[in-house]
Amino acid sequence: MAFEDELTLSELRQVEILNRLLKPGEELRPERIRGIGVVYKIGELTIREERVSTLIKLGLFRIKGHVSFAICPVCGDLDLSLNLFCPNCNSQDLEKVDLVIHYECHYADDVSRFRTPKGLVCPVCDKPLKVVGVDYGRPGISYRCSTCMSVFQFPLFSLTCSNGHVLRLDELALHRSPVLVYEPSGSRQATAVSRVLSLIEALSSHGYRAEPFAVLRGQLSHLEHVVDALVHKGEKRCAVVLIDNSVASPDTVSRLLTLALDLQVPVVAALSTGFANNIAKFLRLEGNLEERIGSLFPRELVKVIVYSDEKELLAKLLNALDAI
Ligand SMILES: [Zn+2]
Ligand SMILES: [Zn+2]
Ligand SMILES: [Zn+2]
């Protein structure tokens, strides 16, 4: 993995965290947070939509659908507030009323103006309101304009974004954010990350403390290198690099050697059988793959192991660690 340039360290960490927080098949819905924008909440993590799109590109999620958020078409702002107006005089001085209409005199007002100890009584004509639908109506919640006193069910409205752009409903633009399903099996990177994590787990069950995706500074180059695992054995440390899908080339050999020289930490290079075969073909090596490839490196710097499955990888890695 240290030899693949597609993933940055922060992406590796994100993949690692996702792997810990999400179960395959879990759904993530976009949410709008005022002042921040569209985010996805994963456990206690809040990830912005922009960051999530890089994770989608890595193939960690399937897009299941979308949620549309209304935005300002001028500045793209998501934070819209609603303004209400009287349809008669355009005043914004409105009150909500639970309306009662006395059919006989047509007086309409909030129910509180009709309440008396004797029940509902019209405050204008003083007559009791007995039967709903016969004496009086209850059309429900309405608005009353305090400027012109007109009563209406639907006020006019506009929306204002936080940058002050005033918009009608038909002027709003929509921002569509994907609803995601965590499906890491489709991603080569995620598969590689979970392989490293399960290897770390297996090592720790054998008493080794190991860090996934450790960052080490080169003693010679002073550049940072990321190794798949850094295993601690007492005072000693050992870097583990898994190589299974890079294109085989002499470059791999020289880069491994450079890495080991630069880190001044012994490196265990674990090569998949397929990769080791490719290297051997390339370099015209014959005989025992592990020995032949291993002999390309100074033994104290790079130990080569070739594995065909995870079980063999762990067994050979434990062997190599024993010898350190
Ligand atoms: Zn705006
Ligand atoms: Zn009005
Ligand atoms: Zn009345």
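The values are calculated or read from the model by the stated rules, or taken from the named source; none is laboratory data. These numbers come from a predicted model, not from an experiment. Quick reminder, even Gly has a Cβ in these numbers, built from the backbone with ideal geometry, and neighbours come from all protein chains shown. Heavy atoms of the whole protein, side chains included, go into the accessibility calculation; ligands, DNA and RNA do not. Shrake-Rupley method; radii C 1.70, N 1.55, O 1.52, S 1.80 Å.
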List the trypsin sites (Lys or Arg not before Pro) within segment 260-324 that fall in a DSSP loop (any state other than H, G, I, E or B) and whose Cβ has at most 15 other Cβ atoms within 10 Å.
Arg284, Arg299
If N is the number of residues in the chain, what value comes out of its Cα radius of gyration divided by 2.2 N^0.38 Å?
1.74
Which value, in Å² rounded to 10, gives the accessible area of Lys23 with a 1.4 Å probe and all protein chains present?
140 Å²
Could you work out how much longer the chain between Cys125 and Ser10 gets when fully extended? Use 0.36 nm per residue separation minus the Cα distance between them, nm to one decimal.
33.9 nm
Kirkwood hydrodynamic radius (Cα pairs, Å) of segment 87-154?
12.4 Å
Run the dipole for segment 104-179 about the Cα centre, Lys and Arg Cβ at +1, Asp and Glu Cβ at -1, nothing else charged, and hand back the magnitude in debye, nearest 20.
240 debye
Nonlocal Lys pairs with alpha-carbon distance under 15 Å, the chain (8 or more apart, or different chains)
4
Subtracting the Cα-Cα distance of Ile324 and Asp251 from 0.36 nm times their residue separation yields 23.7 nm
Relative contact order in percent for segment 87-154 (Cα pairs under 8 Å, 6+ apart) equals 38 percent
Whole-percent carbon and sulfur share, accessible surface of segment 145-202, 1.4 Å
57 percent
Asserting the computed 222 nm helical MRE of the chain (DSSP H runs at least 4 long, -39500 (n - 2.57) per run, divided by residue count, to nearest 500) equals -8000 deg cm²/dmol
For segment 100-229, the per residue accessible area (1.4 Å probe, Å²) is 57 Å²
Pick from Ser112, Ser162, Ser221: which is most flexible by mean-square fluctuation in a GNM of the chain where alpha carbon atoms under 10 Å apart are linked?
Ser112
Where in segment 12-71 are there GluC sites (Glu not before Pro) that are in a DSSP coil and have at most 10 other Cβ atoms within 10 angstrom of their Cβ?
Glu44
Report, for the chain, the % of DSSP beta bridges that are antiparallel, rounded to 5.
80 percent
I want the local charge near Val181. Using Cβ-Cβ distances under 10 Å, sum +1 for each Lys or Arg and -1 for each Asp or Glu among the other residues.
-1
Accessible heavy-atom area order of Leu78, Leu313, highest first, probe of 1.4 Å:
Leu78, Leu313
Just Tyr307, Tyr103, Tyr40 to compare: in a GNM of the chain, with alpha carbon springs under 10 Å, which one fluctuates most?
Tyr103
